[in-house]
1. Consider only pairs whose beta carbons are under 9 Å apart and that are at least six residues apart or on different chains; among these, list those whose first residue lies in the range 341-358 and is on the phi > 0 side of the Ramachandran plot and whose second residue is crowded, with 19+ Cβ neighbours inside 10 Å.
2. With (1) in a helix (DSSP H, G or I); (2) under 30 Å from Leu292 (Cβ atoms); (3) modelled with pLDDT of 80 or more as the list, and Arg410 as the residue in question, which single condition is left unmet?
3. Tell me whether the range 223-241 contains one or more residues that are small (Gly, Ala, Ser), surrounded by fewer than 17 Cβ atoms within 10 Å (Cβ to Cβ) and in contact (Cβ under 8 Å) with a residue 60 or more places away in the chain.
4. Does Val95 satisfy the criteria of being surrounded by 13 or more Cβ atoms within 10 Å (Cβ to Cβ), at pLDDT below 85, of a type in the set (Val, Ile, Thr) and touching a strand residue (DSSP E or B) at 6+ places or on another chain (Cβ under 7 Å)?
5. Could you run through the range 224-251 and say how many residues are closer than 18 Å to Val145 by Cβ and of a type outside the set (A, V, I, L, M)?
6. Do any residues in the range 145-161 that are buried (at least 17 other Cβ atoms within 10 Å of the Cβ) have Cβ atoms under 8 Å from those of residues that are modelled with pLDDT under 90 and among the aromatic types (Phe, Trp, Tyr), where the two are at least six apart or on different chains, and which pairs are they?
7. Hey, among Lys392, Lys366, which residue is in a helix (DSSP H, G or I), touching a residue at least 40 places away in the same chain (Cβ under 8 Å), of a type outside the set (Gly, Ala, Ser) and touching a helix residue (DSSP H, G or I) at 6+ places or on another chain (Cβ under 7 Å)?
Amino acid sequence: MIKDFSWINFVNKRFSMVDSKGRSAVTTRLSTIGICFGVMTLITVLSVMNGFQLQFIDSIIELSSYHVQVALGEDAAGSEETKNCEETQTRDKNVDRADFSELESYLRSDKNVVSFVPFREAQGLMTDNGGKEAGCLIRSVPEDVLSKDSGFKSQMKIVSGDFDISGEDSIVLGIRLARSLGVRTGSRVNIFALSGSGDTSLISNDRTFTVTGIFSCGYADINAAYAFINQKGADKYFGNAETTYGIKLLNQSSDLKMQKELLKKFPDYKVSVWRDYNRSFFGALRVEKNILLLLVVMIFIVVAINIYNSMRKLVYERRTEISTLASLGGSKKAIRNVFIIRGLSIGIKGSVSGMILALIISFNIKKVFFIISKIQYFFTWISAVIFNPAAKELIRENPMWNVYANIPARVFAGEVVFITLFGIFSCLFSSWIASSNILKLNICEVLHEQ
């Protein structure tokens, strides 16, 4: 086997030396460049798409849905039709202090749980002193939520003030919600209308809060609707609103396993996972990525067809050399392996170089978009100077490139390895198919023609 490989490698090098010039060399280089750009484009586009999508997904999971949510089920909560308001309040206090203590102990002992926090929320209509209105979702969280939940802290980008909800009347607003109301840090807002249980006043002018901070995250809907207060404020205004525990896991893909374990351990609880929230939105992102992947994979198909045709042509052009090698004792399978190895070398050179370029671009994507912005501005300015000199003073850089530059590329090792191997395999497969013509050659007829 070693001798066969040495012989195959020797013949392959001789063929490569002969084909280093002319049409065969051009075809080989074009095939290598095609694979290189295919791998580079696919890895880069997927990395940018991952960053674009995960901005939304991370913000939703870390600030809104968590990985797992646990609340009292309907059976445990009981029916308000059979209990009066006083009994319901007593039950809820006992639930908060007693029933959830067992859940907290269980979560502390689970190594897959990174953090958990209790929260309550209600929908409302918020107004400012000038009468502006905006719908909102008010959520109560512990005052020390930033220290308890590192994921929450990472997505909570404070643009004004601080995330300070220590006061009973303190509130932190999303940036778009603050703009809708025309408020800033230090302004007073009122939750004019508030949903909740039967003991919550629907309309009130007394639910006033002081804005202590304004935040921004990667998901516009959260910026436009969310407001955070502390648990004392919720006790005062939310009435008997249901307490829910938001749980963050070490591995978000283990959410379904955690759901089964919690339902088994606490059958009276209602357990939901992040997949249940914004299902259509997550599905749309997944479809978008799959379609993009399918479109870019077409590059490999085109390059593979090109390699297949070039290899078939190469076999035809080298039929005399093939017949000579066969007459000297070389088997058809060994000769066929010469061309397969050649296709493999094209795939390795193109795929590895494409992978390296893609990683360089992905890790420096901000600089790449900055350069593209400058190039576009330069050519636009040159065009204006040539065709419309009066308009050159109005030329500005496209601000959208700054938006693109702020999208962090997310590179996943599994995707990089898969795409690189796919590029190599496409070349190998097309070479294997094209070189099958060698097995059909009639050596005597070829030598007779010569």
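The values are calculated or read from the model by the stated rules, or taken from the named source; none is laboratory data. Note that the coordinates shown come from a computational prediction; the quantities given were computed from them, not determined experimentally. Quick reminder, even Gly has a Cβ in these numbers, built from the backbone with ideal geometry, and neighbours come from all protein chains shown.
1. none
2. Unmet condition: (1).
3. No.
4. yes
5. 13
6. none
7. Lys366
For every residue, the table says whether it meets (1) buried (at least 22 other Cβ atoms within 10 Å of the Cβ); (2) farther than 19 Å from Ser426 by Cα.
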{"residue": "Cys36", "(1), (2)": "yes, no"}
{"residue": "Leu42", "(1), (2)": "yes, no"}
{"residue": "Gln53", "(1), (2)": "no, yes"}
{"residue": "Asp58", "(1), (2)": "no, yes"}
{"residue": "Ser65", "(1), (2)": "no, yes"}
{"residue": "Val68", "(1), (2)": "yes, yes"}
